[in-house]
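The values are calculated or read from the model by the stated rules, or taken from the named source; none is laboratory data. Bear in mind that the values here come from a model prediction, so they are computed numbers and not experimental data. Glycine gets a Cβ as well: all are built from the backbone with ideal geometry, and neighbour counts include every protein chain shown.
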Amino acid sequence: MQNGEQMKQLSIIVLVLIFLQGCETSYQSSGFAGGYSETQLDTNVFKVTFRGNGYTGRERASDFSLLRCAELALQNGYKYFVVIDANSYTSNSTYTTPSTSNTTANVYGTGNYAYGNATTTTYGGQTYNISKPSSSNTIVCFIEKPTNGFSYNAEFIYKNITQKYGIQPATK
């Protein structure tokens, strides 16, 4: 009986994990289903990475990396940031479902002879390609807008990307 309970609990955990994997990665700190992470490299320099799962598009991963850049700039008292290094990449893998076969047969005999037929049906064995996008930016933050080169307005980026994805702005 105890073994049956453990199997039931394990089945529930597996179903929950499958459900969680069925959703694209939301804007969150890095966890089981992906998310953002950052490393502070200097007082005003950060490296930000966003990793998506197999249901996340490349644009979403790029936008969420940029959103985290804007959020970090604002949280640290900066109004602008410049991306000095950017990388986007996708990790690809495959998953093949288990296959099972079922054979049904009919046999009949008459005298010294036996006749019959059999049918085998195989289920499963499908292979799925899984692409997980990632995007990383190394940024330098500024209080005043830099006069040379391109810079992002952190507040503008934050407002527009949160609106685009329906993300509730964090309380500042």
Unmet requirement for Thr121, which otherwise passes all of (1) farther than 26 Å from Phe46 by Cβ; (2) assigned to a loop (DSSP other than H, G, I, E, B)
(2)
Of the residues in the range 148-165, those that are at pLDDT 95 or above and loosely packed, with under 11 Cβ neighbours inside 10 Å number 2
Please tell me if Ala170 is loosely packed, with under 10 Cβ neighbours inside 10 Å and modelled with pLDDT under 95.
no
Scan Ser65, Ser91 and give me the residue that is more than 14 Å from Tyr152 (Cα to Cα) and either in contact (Cβ under 8 Å) with a residue 24 or more places away in the chain or among the charged types (D, E, K, R) (or both).
Ser91
Restricting the range 129-147 to residues that are assigned to a strand (DSSP E or B), farther than 19 Å from Gln75 by Cβ and among the hydroxyl-bearing types (Ser, Thr, Tyr), which is modelled with the lowest pLDDT?
Ser131
Show me the strands (runs of 3 or more DSSP E) found entirely inside the range 22-114 where at least 1 residues are at pLDDT 95 or above and surrounded by 13 or more Cβ atoms within 10 Å (Cβ to Cβ).
35-42, 45-51, 80-96
Scanning the range 152-172 for residues that are outside any helix (DSSP H, G or I), over 19 Å from Glu38 (Cβ atoms) and either of a type in the set (A, V, I, L, M) or in contact (Cβ under 8 Å) with a residue 24 or more places away in the chain (or both) gives Asn153
